[in-house]
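Notes follow once the structure below has been shown.
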Amino acid sequence: MTLKTAVIGVGSMGKNHARIYWELPNADLVGVADFDKDTADSIANKYGTKAYYDYKVLLDEAKPDAVTLAVPTIYHRDIALEIIDRGIPLLIEKPIAFTIEEGQSIIDAAKKKNVKLMIGHIERFNPAIITLKEHVSQGKLGRIFQMDAHRQGPFPARIADVGVVVDLAVHDLDVMRFVSQKEVIRVYAETEKHIHSKYEDLLTGLVRFSDGIIGTLVINWLTPTKIREFIVTGERGLYRCDYLTQDLFFFENPVSSGSEWDNLRVLRGVREGQMVRHIIAKKEPLRSEQEAFLDAVENDKPVAVSGEDGLRALELAKTIVKSGTDHRIISTEVN
């Protein structure tokens with residue numbers, strides 16, 4: 001079965017969604033829409049499809065079976081509701097919406113119309129993160145103590161409507177929940193504005209999980225080179241994941257003779273053991289994300305990243321922004 005697909009918003013991320021739909025054998029890219037005529041024309045010509053400058057015309061004429069929404073965040077709600085109202089399955093680039101209330105309205109509309117809604121938290125589809133989660137779920141690390149996220153790089157000219165927390169930290173907040181399968185119960189953050197006139201461009205944050213795991217976030221738009229690293233420390237050692245190279249390393253903390261980790265409630269000592277580099281079949285995460293979306297649509301499966309997942313990541317990001325502004329610890333426990 002071939003699904004008719006379309007992309008609304010073909011800027012920095014949307015153009016890649018268009019490319020992948022064009023490449024996938026079970027997808028037919030029937031149109032792209034963008035507020036900017038030159039951008040729409042350029043992407044449409046590149047992938048042999050039709051350009052639209054009004055997304056409503058695209059929806060009504062091309063009648064796609066599935067749509068990616070990749071416009072600036074401030075426009076997510078209004079366009080998403082139009083797509084959902086037509087009963088079309090929707091993949092929204094993260095974050096789900098500009099505000100929590102807008103995100104909830106999208107989720108509510110999708111449930112009411114029984115429309116599949118998936119949020120594009122792309123790092124869940126990184127092969128290194130998938131392998132890391134499998135190992136953690138199998139207990140290979142033992143009890144988790146800490147997760148550390150480093151997401152740093154130069155300022156992106158594409159950003160105008162959100163700061164570094166909502167744009168970047170949502171990735172790592174979602175990955176932390178995904179890997180640990182635990183919820184954040186409180187946060188504390190320090191944020192600064194150095195080169196971004198309206199929103200924060202630097203974050204140092206702490207998050208506490210329901211089972212005692214501590215998460216740290218070092219995120220900024222001030223570093224001249226891109227750093228994308230995720231570290232998980234536990235009883236049996238440490239995993240270090242490089243998002244960019246899709247490499248995963250395990251640094252072992254050997255069990256001392258005469259003791260069993262499963263019977264220990266506190267770590268009695270740490271010493272250096274072997275380092276293992278896991279062999280991972282590398283793949284473009286965005287391709288895996290779109291394949292998962294189309295699979296859910298075609299085979300009526302649950303989506304890989306739900307609207308609720310996207311909303312929770314946004315809620316945590318907004319709370320971190322508030323903590324940084326108010327200089328206080330904030331509880332985030334889920335009722």
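No value in this document is a laboratory result; all are computed from the given coordinates. Remember, predicted model here, so these are calculated numbers, not experimental data. Using ideal geometry, Cβ is built from the backbone for each residue, glycine included, and neighbour counts are taken over all protein chains shown.
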*asked:* Can you tell me which of Gly142, Gly48, Gly31 moves the most in a GNM of the chain? Springs connect C-alpha atoms under 10 Å apart.
replied: Gly48
*trypsin sites (Lys or Arg not before Pro) restricted to DSSP loop in segment 159-252 with at most 11 other C-beta within 10 Å*: Lys198, Lys226
*With springs only between Cα atoms under 10 Å apart, run a GNM on the chain and tell me which of Pro285, Pro224, Pro302 wobbles the most.*
Pro224
*So, with +1 on the Cβ of K and R and -1 on the Cβ of D and E, and no other charges, what is the size of the charge dipole of segment 82-199 about its Cα centre, to the nearest 20 debye?*
400 debye
*Round to the nearest 10 and give me the degree value, 0 to 90, for the angle of helix 100-113's Cα axis relative to the longest principal axis of the chain.*
60 degrees
*Could you pull out the pairs from Lys113/Lys198; Lys15/Lys282; Lys133/Lys282; Lys4/Lys301; Lys37/Lys112 whose alpha carbons sit more than 25 Å apart here?*
Lys113/Lys198; Lys37/Lys112
*Mind checking the angle between helix 307-326 and the chain's longest principal axis? C-alpha axes, 0 to 90 degrees, to the nearest 10.*
70 degrees
_Need the full-extension length gain, Gln138 to Glu23, defined as separation in residues times 0.36 nm minus the C-alpha distance. One decimal, nm._
37.9 nm
*Assuming R0 = 25 Å, what is the FRET efficiency of Glu308 and Ile231, from their Cβ-Cβ distance, to the nearest 0.05?*
0.40
*Total charge dipole magnitude, segment 3-123, about the Cα centre, Cβ charges on Lys, Arg, Asp, Glu only, Debye to nearest 20*: 300 debye
*If you line up the long axis of helix 14-23 against the longest principal axis of the chain, both from Cα atoms, how many degrees apart are they, to the nearest 10?*
80 degrees
*Which number comes out as Rg/Rh for segment 3-123 once both Rg and the Kirkwood Rh are worked out on C-alpha atoms?*
0.94
*Counting only DSSP beta bridges with both residues in the chain, tell me the antiparallel percent, nearest 5.*
60 percent
